[in-house]
Amino acid sequence: MAAEVSSGTKDPARADKVGADDYLRIVDIRKEFDGFVAVDDTTLSVRQGEIFALLGGSGCGKSTLLRCLGGFEKPTAGKIYLDDQEMNDLPPYERPINMMFQSYALFPHMTVEQNIAFGLKQDGHKRDAIARRVDEMLTIVQMTKFGKRKPHQLSGGQQQRVALARSLAKSPKLLLLDEPMGALDKKLRSQMQLELVNIIEKLGVTCVMVTHDQEEAMTMAHRIALMDSGRIRQVGTPDEIYEQPTSRFAAEFIGSVNMVNGRIEEDMADYVTIRSPKLEHLIHIGHGVSGFEGQEVSFAVRPEKLSIGKTEPTQPHNKAEGIIEDIAYFGSHSVYHVRLANGTKFMANFANMQRWASESLTWNDKVWVSWGENAGVVLTS
Amino acid sequence: MSGRTQRWTSWAILGLGFAFLYVPVLILMVYSFNESRLATVWSGFSFKWYGELLRDKQMLSAAWISIKIAFLTASAAVVLGTMAALVMTRMGKFPGKTLFGALITAPLVMPEVIIGLSILLMFVSLGQMVGLAPKGIASIWIAHVTFTLAFVTVVVSSRLAELDKSLEEAAMDLGANRIKVFFLITLPIIAPALVSGWLLAFTLSLDDVVISSFVAGPNSTTLPMKVFSSVRLGLSPKINALATLMILVVAVAAFIGWWIMHRDEKRRKLDMQMAAKEK
Ligand SMILES: Nc1ncnc2c1ncn2[C@@H]1O[C@H](COP(=O)(O)OP(=O)(O)OP(=O)(O)O)[C@@H](O)[C@H]1O
Ligand SMILES: [Mg+2]
């Protein structure tokens, strides 16, 4: 799988700004709670200036790993280095790391300004220096009008801005975000996601965030670590994780996918064929894969990579015939659920713009789904 | 039964319940303004007994002692009770935690006679062994702290338990060590609970008879003890007047406690509505 993968940075010019490759190093971190392994021997490196997402389902240990970075949990084993300094034995209040909590954790008895000034005061800065920095932060998060308010006098989105300003005020070497959008409603979410990324990138702070929302990770992060039961399954740019999943778990966790099992029939240097009991025709992959003849593999292909039409494609492979069982309308596109004669189901996306231009497809139509020889990936684990 | 009669019945039951609770108190208050020396015969309205009360030196000094003890008790119980509550809610797991929790709150259900007796025995043996037993006001103070401590601990730890832990973590994250976190974040937020714990301890100490009677010395007669002994010599309307004043004090204290707890909440709700509307 040597396909070219574009850089996942949100801002193309930023790729050069990204500094040291292992600014944050997590080495064999393990965290057990009474014998229950929440984080299992995890090793990760995060680059300077990068937004790095820990993505995974509920209970996979992503928050625990983040709390180890913040110093709120003591790892059972392993080391954490930030900018070549060991963090393990530093208490949270001595780490050059700040965190934005999921609940924001704004101090209810302090005004917005006092909240933002809190960390600076602990460092013993001069009064006017603190006031200037607070103003600066308020400007960055566009909350200058709200400095004198108490947290409960703010809406959810405003509270989030204050929490962000507070965690950035001390210019930490590392910013931690725990489910940053968790407390916002859906509409506000997509707006804040972009805004947060803009602010973080503008300040150039290195950031590790935790989320269970794949879309959020895809939108915000430069790189994503996919976690499952305490382990990292794959690390890569959003593109890589989406286009080149390395495991069935990764393929299924991110986006939707069509997956069929089969055996490698021909294993050549420049192509591979797979025979699946579910498909009448062979699956043909246009490049070599690391496998052997007879190996059990899964073939995964995204719905938007499938073509759908009434006429049989001319190619001898990578196609299947079925009937349209269901059509789900999503505005910009529709998803066609196609059922093959043997019951196997395929999902195919179809942009709705295209739909009006081409033949119209409807329920119970006999159709062919097909895909290109580089459309899918072969998974061995 | 129609909805109307049903509502009528529930009002009647409510009324009866309140009557059961408060009619005796009301009668007492009314009779404190009675002219007559006989506690049960109404002969006219007067403040006479309040005047008598203020001229009763013994009664006044007992009241002063009681207030002093209640003040000291409440203050000490709040400090110790908050410490105990912190241990219970913030120290994580440690061996014997359940036992410790049970022991702290045991005085809530222990008969006062037993508490009084055991503290008396402790003072006596202390006196015999090291010749240094607290006397008078100090002994009552110590005894009162022991039993009010349990109440304060319960009030404060329930507040601490519902306090969002991430507030303290956030403060620590921003560079405050544990001591600073406590004084800058935890304490201001739980302050209303401390105030109501203090008022609770104050009123409990103010009206305790049993425990005080066990440990009091000759010069430390508290107000309830004085009342109790004078009632045994016959009912005097003066006691009614005193009781009315005490009810007033306790009611005011209770009201202040309630008001402090609810003022913040109410204001917060209003502000939250405003913030939501504005958006
Ligand atoms: N303090 C703790 N004591 C015992 N077990 C814990 C503790 N904290 C977390 N765990 C366990 O560790 C596992 C991972 O927890 P963690 O909070 O990291 O999950 P998560 O990936 O953040 O999930 P979610 O998306 O639900 O927040 C869970 O099974 C959880 O029950
Ligand atoms: Mg979590």
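The values are calculated or read from the model by the stated rules, or taken from the named source; none is laboratory data. This one's a predicted model, so the numbers in the text were calculated from it and none came from an experiment. Cβ coordinates were reconstructed from backbone atoms using ideal geometry, including for glycine residues, and neighbour counts include every protein chain displayed. Protein only, heavy atoms only, side chains kept; ligands, DNA and RNA dropped before computing areas. Shrake-Rupley method; radii C 1.70, N 1.55, O 1.52, S 1.80 Å.
For the range A:154-173, state whether one or more residues are without any contact (Cβ under 8 Å) to a residue 24 or more places away in the chain, away from ligand 1 (no atom under 16 Å from the Cβ) and of a type in the set (Lys, Arg). Step through it out loud before you land on a result.
At the first step, the residues of the range A:154-173 found to be without any contact (Cβ under 8 Å) to a residue 24 or more places away in the chain are A:155, A:158, A:161.
This time we only want the ones that are away from ligand 1 (no atom under 16 Å from the Cβ), so: A:155, A:158, A:161.
If we keep only those that are of a type in the set (Lys, Arg) as well, we get A:161.
Checked against the condition, which is being without any contact (Cβ under 8 Å) to a residue 24 or more places away in the chain, away from ligand 1 (no atom under 16 Å from the Cβ) and of a type in the set (Lys, Arg), the range A:154-173 yields at least one hit.
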Where the second residue is surrounded by fewer than 18 Cβ atoms within 10 Å (Cβ to Cβ) and in a loop (DSSP other than H, G, I, E, B) and the first is facing another protein chain (nearest Cβ under 7 Å) and lies in the range B:169-187, which pairs have Cβ atoms under 7 Å and are six or more apart or on separate chains? B:Gly175/A:Asp123
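Test of understanding: among A:Gly291, A:Gly286, A:Gly255, which residue is in contact with a Pro (Cβ under 9 Å, 6 or more places away or on another chain) and open to solvent by 10 Å² or more (accessible area, probe 1.4 Å)?
Values: A:Gly291 fails: in contact with a Pro (Cβ under 9 Å, 6 or more places away or on another chain); A:Gly286 fails: in contact with a Pro (Cβ under 9 Å, 6 or more places away or on another chain).
The conditions single out A:Gly255.
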Which one of B:Phe33, B:Phe18 is within 17 Å of B:Ile247 (Cα to Cα), open to solvent by 100 Å² or more (accessible area, probe 1.4 Å), out of contact with any Leu (no Cβ under 7 Å at 6 or more places or on another chain) and modelled with pLDDT of 85 or more? B:Phe18
Pairs, first outside the structural domain of A:Cys68 (by TED's automatic domain parsing) and over 27 Å from B:Pro192 (Cα atoms) in the range A:91-110, second at pLDDT 95 or above and open to solvent by 10 Å² or more (accessible area, probe 1.4 Å), C-beta under 7 Å, six or more apart: none
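Does A:Gln102 satisfy the condition of being over 24 Å from B:Lys266 (Cα atoms), open to solvent by 30 Å² or more (accessible area, probe 1.4 Å), modelled with pLDDT under 95 and facing chain B (nearest Cβ under 8 Å)? Break it down stepwise before answering.
On the way: over 24 Å from B:Lys266 (Cα atoms): yes; open to solvent by 30 Å² or more (accessible area, probe 1.4 Å): yes; modelled with pLDDT under 95: yes; facing chain B (nearest Cβ under 8 Å): yes.
So A:Gln102 fits the description; yes.
Across the range A:313-344, what is the number of residues that are open to solvent by 70 Å² or more (accessible area, probe 1.4 Å) and in contact (Cβ under 8 Å) with a residue 60 or more places away in the chain? Reasoning before the result, please.
Our first condition is that a residue be open to solvent by 70 Å² or more (accessible area, probe 1.4 Å); within the range A:313-344, this holds for A:314, A:316, A:321, A:325-326, A:329-330, A:332, A:339, A:341-342.
After this cut, where a residue has to be in contact (Cβ under 8 Å) with a residue 60 or more places away in the chain as well, the list is A:342.
Of the residues in the range A:313-344, 1 are open to solvent by 70 Å² or more (accessible area, probe 1.4 Å) and in contact (Cβ under 8 Å) with a residue 60 or more places away in the chain.
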How many residues, within the range A:107-127, are facing chain B (nearest Cβ under 8 Å) and in a loop (DSSP other than H, G, I, E, B)? 4
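Could you identify the single residue in A:Gly262, A:Gly182, A:Gly230 that is within 16 Å of ligand 1 (Cβ to nearest atom), buried (at least 20 other Cβ atoms within 10 Å of the Cβ) and not aliphatic (A, V, I, L, M)? Steps first, please.
Values: A:Gly262 fails: within 16 Å of ligand 1 (Cβ to nearest atom); A:Gly182 fails: buried (at least 20 other Cβ atoms within 10 Å of the Cβ).
None of the other options fit; the residue is A:Gly230.
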The correct count of residues that are in a strand (DSSP E or B) and either more than 16 Å from ligand 2 (Cβ to nearest atom) or more than 8 Å from every other protein chain (Cβ to nearest Cβ) (or both) in the range A:84-99 is 4
Counted residues, the range B:214-273 - those being under 19 Å from the mean Cα position of the chain (by Cα) and farther than 24 Å from B:Glu52 by Cβ: 10
Every residue from the range A:32-71 that is in contact with a helix residue (DSSP H, G or I) (Cβ under 8 Å, 6 or more places away or on another chain), farther than 28 Å from A:Asn198 by Cβ and within 13 Å of ligand 2 (Cβ to nearest atom): A:Ala38, A:Val39, A:Gly57
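Tell me, please, whether a residue that is closer than 30 Å to A:Gly157 by Cβ, within 14 Å of another protein chain (Cβ to nearest Cβ), open to solvent by 30 Å² or more (accessible area, probe 1.4 Å) and not in a helix (DSSP H, G or I) can be found in the range B:264-279.
Looking only at the range B:264-279, we keep the residues that are closer than 30 Å to A:Gly157 by Cβ, and these are B:264-279.
Then keep just the ones that are within 14 Å of another protein chain (Cβ to nearest Cβ); that gives B:264-279.
Remaining after also requiring open to solvent by 30 Å² or more (accessible area, probe 1.4 Å): B:264-270, B:272-274, B:276-279.
Right, trim to not in a helix (DSSP H, G or I) and you get B:279.
Yes, the range B:264-279 has at least one match.
Give the residue that is nearest to the other protein chains (Cβ to nearest Cβ), with candidates limited to residues of the range A:130-157 that are outside any helix (DSSP H, G or I) and in contact with a Lys or Arg (Cβ under 8 Å, 6 or more places away or on another chain). Give the steps one after another, and end with the answer.
At the first step, the residues of the range A:130-157 found to be outside any helix (DSSP H, G or I) are A:141-143, A:147-150, A:154-155.
From the residues that got through so far, the ones that are in contact with a Lys or Arg (Cβ under 8 Å, 6 or more places away or on another chain) too are A:141-143, A:155.
On the way: A:Val141: 16, A:Gln142: 14, A:Met143: 13, A:Ser155: 4 Å.
The residue in question is A:Ser155.
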Determine if the range A:356-373 includes at least one residue that is touching a Gly at 6+ places or on another chain (Cβ under 6 Å), within 23 Å of A:Arg248 (Cα to Cα) and buried (at least 18 other Cβ atoms within 10 Å of the Cβ). no
Meets criteria (closer than 17 Å to A:Thr206 by Cα and part of a loop (DSSP other than H, G, I, E, B)) for A:Gly49: yes
So, first residue more than 19 Å from B:Leu167 (Cα to Cα) and away from every other protein chain (no Cβ under 11 Å) in the range A:54-72, second residue β-branched (Val, Ile, Thr) and more than 10 Å from ligand 1 (Cβ to nearest atom), Cβ within less than 6 Å, six or more apart or across chains; the pairs are A:Leu55/A:Ile224
Looking only at the range B:232-240, decide whether some residue is in a helix (DSSP H, G or I) and open to solvent by 60 Å² or more (accessible area, probe 1.4 Å). yes
Please work out if A:Ala225 is under 28 Å from A:Leu175 (Cα atoms) and either more than 13 Å from the chain's Cα centre (by Cα) or within 16 Å of ligand 2 (Cβ to nearest atom) (or both). yes
Are any residues in the range A:190-225 within 16 Å of ligand 1 (Cβ to nearest atom), surrounded by fewer than 19 Cβ atoms within 10 Å (Cβ to Cβ) and either modelled with pLDDT under 90 or assigned to a helix (DSSP H, G or I) (or both), and if so, which ones? A:Glu215
Here are B:Ala84, B:Ala176: which of them is surrounded by 15 or more Cβ atoms within 10 Å (Cβ to Cβ), more than 30 Å from A:Val162 (Cα to Cα) and in contact with a helix residue (DSSP H, G or I) (Cβ under 6 Å, 6 or more places away or on another chain)? B:Ala84
